[in-house]
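Structure record follows, encoded as structure tokens.
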Amino acid sequence: MISPRSRTSPLPKPARQSQPNDRRAVVLRARLFGTFILLLFAGLVTRLWFLQIVNGEDFHSKAEANQVRRVKSRAPRGTIVDSHGDILAANRSRFAVYATPEIVKDDAVLDRVAELLGATPQDIIETIKEKKQNRYDPVRIALDVPMRTVTQIEEHKPYLPGVSTEPEPVRWYPHGPLAAHLLGTMGRINEKEYDDLKGKNKDYFNDDFLGKTGVEDAYEQYLHGAPGGTDVQIDARGRKVRTMNSANATPGSSVQLALDAKVQAAAEQVFAQNHYVGAAVAINPQTGAVLAMVSAPTFDPDDFATGIKSEKWKPLNTNPDHPLIDRTLDAMYPPGSTFKPIVAAAGLQTGAMTIHSGAYCPGSYHLGKARFGCWAVHNSVDFYSAMAHSCDVFFYIFGQSIGPDRISTYAKAFGLAEKTGIDLPSEDIGSIPSPAWKKKRFKRAGPDFQQWFGGDTLHMSIGQGDVLTTPLQMARVTATVANGGDVLKPYVVSRIVNHDGKTVYEGKRTVVRHVPVSPRNMEEVRKAMRVTVTAGTGKIVDFPQVAVAGKTGSAQTHGSALTHGWFVCFAPYDHPTIAIAAIVEHGGHGAGTAGHVARAMLQTYFKLPVTPEKSVKSD
């Protein structure tokens with residue numbers, strides 16, 4: 001029998017009644033963990049975005065900075081020597097100060113460096129901004145720094161992170177102003193030059209110095225060496241961790257000039273001692289080699305070696321005598337009576353005159369109502385005496401017989417009104433007039449200015465009027481007469497030798513043309529120039545040891561009562577090895593000024609004793 005209690009009493013509930021709560025707890029914990037993971041992942045993504053996107057470039061640069069970097073070293077520039085090996089341009093070691101671009105962020109370091117260099121912080125900031133390649137490669141902020149300053153920087157180095165000093169080769173001219181215009185000047189590379197050279201795969205620094213004028217410019221490709229370098233590992237602040245491989249810089253090639261430094265110095269001394277303004281050029285008439293190129297006044301190219309300072313630039317730039325102009329090839333002058341050998345050659349070759357032609361000189365010549373003067377009364381003259389005493393009347397008369405067109409043709413055949421082709425950066429061409437030239441030249445001025453007058457022919461016959469030449473051109477004309485008629489291309493560089501001792505370039509004799517004058521007629525012109533020295537206006541170069549032929553000249557200029565003094569000559573007469581053209585601005589008679597220059601050059605070249613000069617009147 002079943003008891004009632006057993007029927008009515010409920011059975012005990014199982015323990016599973018607590019499971020829903022446990023499940024909820026598990027779910028809650030899972031959700032919390034998932035949220036944590038999600039937040040952690042979001043933080044990681046955010047951090048990665050911050051590192052790679054926001055500061056990616058900065059960290060990339062810092063990472064690169066810890067890699068091996070190539071630190072370049074500057075190459076010594078090639079030397080320039082004269083024909084005897086005398087050094088005209090070389091290098092000397094000078095200290096430079098470098099700073100990493102990061103120092104602009106450190107005012108304390110910036111102020112210390114600026115104080116030591118005698119500069120302003122802004123100066124340094126601007127230099128770094130202009131020249132920096134990246135954030136970590138050092139930038140040169142000062143060059144040619146005094147040793148005292150270098151010592152101070154080294155002493156303060158613990159307080160100047162990112163600042164260093166290094167020795168560098170700097171251009172040096174041991175003879176100072178000697179041949180300054182020919183050698184040329186150095187200057188800091190500009191942005192256009194740097195981009196052009198970089199585009200041609202030339203290895204230059206963006207703060208390099210390169211040739212700007214003269215030989216330094218014309219032969220830059222040979223004189224500039226190849227930088228060396230050292231592989232170093234540096235940290236993010238630009239500090240060197242360790243040194244690895246290194247390669248030495250390759251020096252530039254050595255350039256040897258045809259120049260004779262002693263002849264150059266002799267001419268420069270006469271210009272300087274007498275305060276002459278002008279130029280002188282000497283050429284070997286057999287080869288075209290330039291033996292001397294003098295322009296006065298001159299300057300010291302050392303002032304340009306590391307960038308010319310304002311206190312040095314201002315006197316040069318404001319000097320009324322313009323010392324920076326190379327008067328040998330960038331200044332044009334009427335040649336005056338030194339043009340007469342060309343007219344004489346044209347007259348003989350065309351038959352307009354002979355060596356027996358004569359004229360009477362009362363001191364002037366009349367063309368219509370116009371009077372054209374001669375510098376003296378010569379009375380009766382023939383071909384030789386007219387040349388020897390530079391009689392203008394003789395050349396007035398026979399210049400008309402030759403005619404302006406034929407004079408122009410022969411003048412151009414001798415190399416006037418064209419570039420000589422010398423191996424230097426620039427030169428003027430001058431002008432040789434003719435009726436057609438005048439019509440074209442003064443086309444805009446109207447018919448009255450275009451017409452060719454008889455007086456134009458007279459002026460042209462004595463190297464005046466619109467006849468303009470450079471001293472270099474007149475030296476070449478003189479060399480052409482000296483060698484019998486070969487118009488040569490002048491050259492200043494005779495040889496270039498690279499760092500291995502191999503000759504990579506040689507100057508050579510180049511004949512541009514032969515003038516259309518017979519050997520017989522050319523010899524008559526040479527004889528007349530010889531008589532000029534022995535019995536005429538050129539006695540200042542009449543030496544017993546060597547036979548010299550020459551021609552004096554004086555050229556009228558606008559706005560001055562004093563004429564330019566010219567003197568051209570060649571020697572020895574039988575086999576000339578030197579031809580000279582010298583001019584002294586506002587020097588008056590040629591023999592009395594330019595003649596002194598030519599005399600000193602000949603005495604030095606031929607090693608002649610210094611003897612009293614012969615005094616003689618000249619045009």
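A few notes on this one:
- Failed item in (1) buried (at least 24 other Cβ atoms within 10 Å of the Cβ); (2) at pLDDT below 95, with T338 passing the rest: (2)
- Looking at region 140-214, none of the strands (runs of 3 or more DSSP E) lying wholly inside it contains 1 or more residues that are farther than 21 Å from G229 by Cα, open to solvent by 40 Å² or more (accessible area, probe 1.4 Å) and modelled with pLDDT under 90.
- Criterion violated by Y136 - all others in (1) at pLDDT 90 or above; (2) hydroxyl-bearing (S, T, Y); (3) open to solvent by less than 20 Å² (accessible area, probe 1.4 Å) satisfied: (1)
- Scope region 485-530; condition small (G, A, S), closer than 30 Å to S390 by Cα and buried (at least 19 other Cβ atoms within 10 Å of the Cβ); matching residues: G485, A528
- From the options A445, A482, A475, residue that is of a type in the set (A, V, I, L, M) and more than 28 Å from G421 (Cα to Cα): A445
- Listed by position, the strands (runs of 3 or more DSSP E) enclosed by region 217-325 that each have at least 1 residues that are of a type outside the set (D, E) and surrounded by 22 or more Cβ atoms within 10 Å (Cβ to Cβ) are 254-257, 278-283, 290-296.
- Candidates N206, N248: the one that is under 18 Å from H499 (Cβ atoms), of a type outside the set (A, V, I, L, M) and in contact (Cβ under 8 Å) with a residue 12 or more places away in the chain is N248.
- Contact map, region 552-572: residues that are buried (at least 24 other Cβ atoms within 10 Å of the Cβ) paired with residues that are assigned to a strand (DSSP E or B) and charged (D, E, K, R), Cβ distance under 7 Å, separation 6+ or inter-chain. Pairs shown: V568/K551.
- Selection within region 316-349 - of a type in the set (S, T, N, Q) and either closer than 18 Å to Q464 by Cα or without any contact (Cβ under 8 Å) to a residue 12 or more places away in the chain (or both): N317, T318, S337, T338
- No other residue among K72, K62 is touching a Phe, Trp or Tyr at 6+ places or on another chain (Cβ under 8 Å) and at pLDDT below 75 apart from K72.
- Scanning region 74-115 for residues that are surrounded by 20 or more Cβ atoms within 10 Å (Cβ to Cβ), part of a helix (DSSP H, G or I) and touching a residue at least 24 places away in the same chain (Cβ under 8 Å) turns up P101, I103, V109, V113.
- Condition check for G550: under 22 Å from P285 (Cα atoms), touching a strand residue (DSSP E or B) at 6+ places or on another chain (Cβ under 6 Å), not aromatic (F, W, Y) and not in a helix (DSSP H, G or I): yes
- Residue check, P576 more than 16 Å from M529 (Cα to Cα) and not in a strand (DSSP E or B): no
- The residues on offer are L44, L32, L51, and the sole one that is open to solvent by 100 Å² or more (accessible area, probe 1.4 Å), of a type in the set (A, V, I, L, M, F, W, C) and either modelled with pLDDT under 75 or in a helix (DSSP H, G or I) (or both) is L32.
The rows are residues; the columns are (1) in contact with a Ser or Thr (Cβ under 9 Å, 6 or more places away or on another chain); (2) under 24 Å from F567 (Cα atoms); (3) open to solvent by less than 20 Å² (accessible area, probe 1.4 Å).
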site: T350; (1), (2), (3): yes, no, no
site: P362; (1), (2), (3): no, no, no
site: A370; (1), (2), (3): no, no, no
site: W375; (1), (2), (3): yes, yes, no
site: D382; (1), (2), (3): yes, yes, no
site: C391; (1), (2), (3): yes, yes, yes
site: G403; (1), (2), (3): yes, no, yes
site: R406; (1), (2), (3): yes, no, no
site: K412; (1), (2), (3): no, yes, no
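- Checking D448, D405, D428, D423 one by one, the residue that is in contact (Cβ under 8 Å) with a residue 24 or more places away in the chain, of a type in the set (D, E) and part of a helix (DSSP H, G or I) is D405 and no other.
- The set of residues from region 122-167 being farther than 12 Å from E102 by Cα and hydroxyl-bearing (S, T, Y) comprises T127, T149, T151, Y159, S164, T165.
- As a summary of the residue check, S364 satisfies the conditions (1) in contact with a helix residue (DSSP H, G or I) (Cβ under 9 Å, 6 or more places away or on another chain); (2) at pLDDT below 95 except for the one numbered (2).
The values are calculated or read from the model by the stated rules, or taken from the named source; none is laboratory data. Worth saying up front: this structure is predicted, and the values here are computed from it rather than measured. Cβ atoms come from the backbone with ideal geometry, glycine included; neighbour counts cover every protein chain shown. Note: accessible area is taken over every heavy atom of the protein model, side chains too, but ligands, DNA and RNA are not part of it. Shrake-Rupley method; radii C 1.70, N 1.55, O 1.52, S 1.80 Å.
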